[in-house]
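Each remark here refers to the structure printed beneath this line.
The values are calculated or read from the model by the stated rules, or taken from the named source; none is laboratory data. Quick caveat, the model's predicted, so the values are computed rather than measured. No Cβ is skipped: glycine too gets one built from the backbone with ideal geometry, and neighbour counts run over all protein chains shown. Accessible surface areas use protein heavy atoms only, side chains included; no ligands, DNA or RNA. Shrake-Rupley method; radii C 1.70, N 1.55, O 1.52, S 1.80 Å.
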Amino acid sequence: MNCTELFIHLNFTQRTQNVSISPQMVTLQLMKYYLYDIVIPLVCAFGFVGNILNVVIFTKKKNNKILDEVEYCTTICLVALAVSDMMFCLCTFPNAFLPERGSFHRSEFMLFYKMYSIAVISTFILSSTLLTVLTAFMRYLAICHPFRSRQFISVKITGMAIVVIAVTSIGFNIPSLWRFKQESLPCFISQEYVSTSRGDLFNNINFVYAHKLLWAILGNFLPLAILLYCNICLIRALHQSKQLRLLHSRDDTTCLSAHRRINITLITIIIFFFILVAPSEITKFFFYIIKEYQRDRHTYEMVSMVTNTLQTINFSVNFILYYVIIAPFRKTLHEFVCALSRHRRSTETREHTSNSGKHTIMLLSIKEQQQNCI
């Protein structure tokens, strides 16, 4: 028996001796299988492809010269949000294949994924949250304060804000890189396998509490408050101030329609954020504060699985939202698909023509040889 097998055997023996399988454990295992091993990978795969299409279509729209500066800046934010959501889906997908064994080879990808994936995934969660807040605040200024917004909404300021969000998200989650550490296995047959344990930094109760509190404020309560305020003001302004929207759009029907579509889309994104993202982070925080996750671990795990699945859906659903609400998005997508189809058909036609030409040349060559023989 090698070092890995011995370590797994010892762990399995200890678990079977100390833990009896209860109905709650069976339920947790079933939920984990269906949600973490089936639903989330499928959602991440769909979200990855959908967000790639979002980036392609919005980038093409961004190059449209008829966009005014406000809509142009909003489109830049939507592209950045699609990139962040796409990276979240890409980084979350391998979690379904993370083995439950307690040991890893030193050069194994899953070892590094387990150690650093939480930091990377949390970075994209925070960046998507802050990008949603930025987009909502820009639309709030554009609709509720159209003249003042011209001083603050520009391509340069939008780009700087996105860079600040990226740096803030990365910097805030840097400590999570030390969440786990490697430990040698409790045997000396092989030094090529290691296990993971909680890092020294995250064994410090005061640091963990401060980190979770800052995350709750910066990544949850403050964004939720801003989004709630902006959404209420945006809905009220859209409902009551038709003349204001006409003034802002300079009496351009096409521009007005574009702004209305973006506003409806953003309102829906914010509503989805409240339904799908907020419950996950808020419940985790309150479970930690009241220490309920220690007394009732089963309930905590069940709630976490459901809310994490909802959160993953939020990062994958924007493609459907854009397709349903934004007519130019549908048109551009259809044109993109048709262009790919035409390119494929033309490639197949060229290959067929080339093969036919080669076949004709071969037949002529054979016929010429036969005539020479005669």
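For the range 91-102, which positions are under 25 Å from residue 166 (Cβ atoms) and open to solvent by less than 30 Å² (accessible area, probe 1.4 Å)?
From the range 91-102, those under 25 Å from residue 166 (Cβ atoms) are 91-95; that's our starting set.
Residues satisfying the conditions are 91, 92, 94.
Given the conditions (1) farther than 28 Å from residue 133 by Cα; (2) open to solvent by less than 30 Å² (accessible area, probe 1.4 Å); (3) hydrophobic (A, V, I, L, M, F, W, C), which single one is not true for residue 88?
Checking residue 88 against (1) farther than 28 Å from residue 133 by Cα; (2) open to solvent by less than 30 Å² (accessible area, probe 1.4 Å); (3) hydrophobic (A, V, I, L, M, F, W, C), the one that fails is (1).
Residue check: is residue 142 open to solvent by less than 30 Å² (accessible area, probe 1.4 Å), out of contact with any Cys (no Cβ under 6 Å at 6 or more places or on another chain), under 17 Å from residue 75 (Cβ atoms) and touching a residue at least 12 places away in the same chain (Cβ under 8 Å)?
Working: open to solvent by less than 30 Å² (accessible area, probe 1.4 Å): yes; out of contact with any Cys (no Cβ under 6 Å at 6 or more places or on another chain): yes; under 17 Å from residue 75 (Cβ atoms): yes; touching a residue at least 12 places away in the same chain (Cβ under 8 Å): yes.
Answer is yes for this residue.
Mind counting the residues in the range 103-138 that are open to solvent by 20 Å² or more (accessible area, probe 1.4 Å), polar (S, T, N, Q) and modelled with pLDDT under 90?
Adding up the residues that qualify gives 1.
Only one residue in 197, 169, 149 is closer than 20 Å to residue 113 by Cα and in a helix (DSSP H, G or I), so which one is that? Reasoning before the result, please.
Details: 197 fails: in a helix (DSSP H, G or I); 149 fails: closer than 20 Å to residue 113 by Cα.
Going through 197, 169, 149 in turn, the sole match is 169.
Exactly one of (1) surrounded by 13 or more Cβ atoms within 10 Å (Cβ to Cβ); (2) at pLDDT below 85; (3) hydroxyl-bearing (Ser, Thr, Tyr); (4) more than 22 Å from residue 172 (Cβ to Cβ) is unmet by residue 288. Its number?
(4)
Can you go through 179, 148, 198 and tell me which one is of a type in the set (Lys, Arg), farther than 30 Å from residue 234 by Cβ and surrounded by fewer than 14 Cβ atoms within 10 Å (Cβ to Cβ)? Working first, answer last.
Details: 179 fails: surrounded by fewer than 14 Cβ atoms within 10 Å (Cβ to Cβ); 148 fails: farther than 30 Å from residue 234 by Cβ.
Unique residue meeting the criteria: 198.
Considering only residues that are open to solvent by 10 Å² or more (accessible area, probe 1.4 Å) and in a helix (DSSP H, G or I), which ones fall in the range 152-161?
152, 155, 156, 157, 159, 160, 161
Among what's in the range 308-331 and is outside any helix (DSSP H, G or I) and among the aliphatic types (A, V, I, L, M), pick the residue that is most open to solvent (accessible area, probe 1.4 Å).
Going through the range 308-331, the residues outside any helix (DSSP H, G or I) turn out to be 315-317, 326.
Now restrict to residues that are among the aliphatic types (A, V, I, L, M): 317, 326.
Values: 317: 28, 326: 9 Å².
Per the stated criteria, the residue is 317.
So which of 215, 178 is over 30 Å from residue 71 (Cα atoms) and touching a helix residue (DSSP H, G or I) at 6+ places or on another chain (Cβ under 6 Å)?
Exactly one residue qualifies, and that residue is 178.
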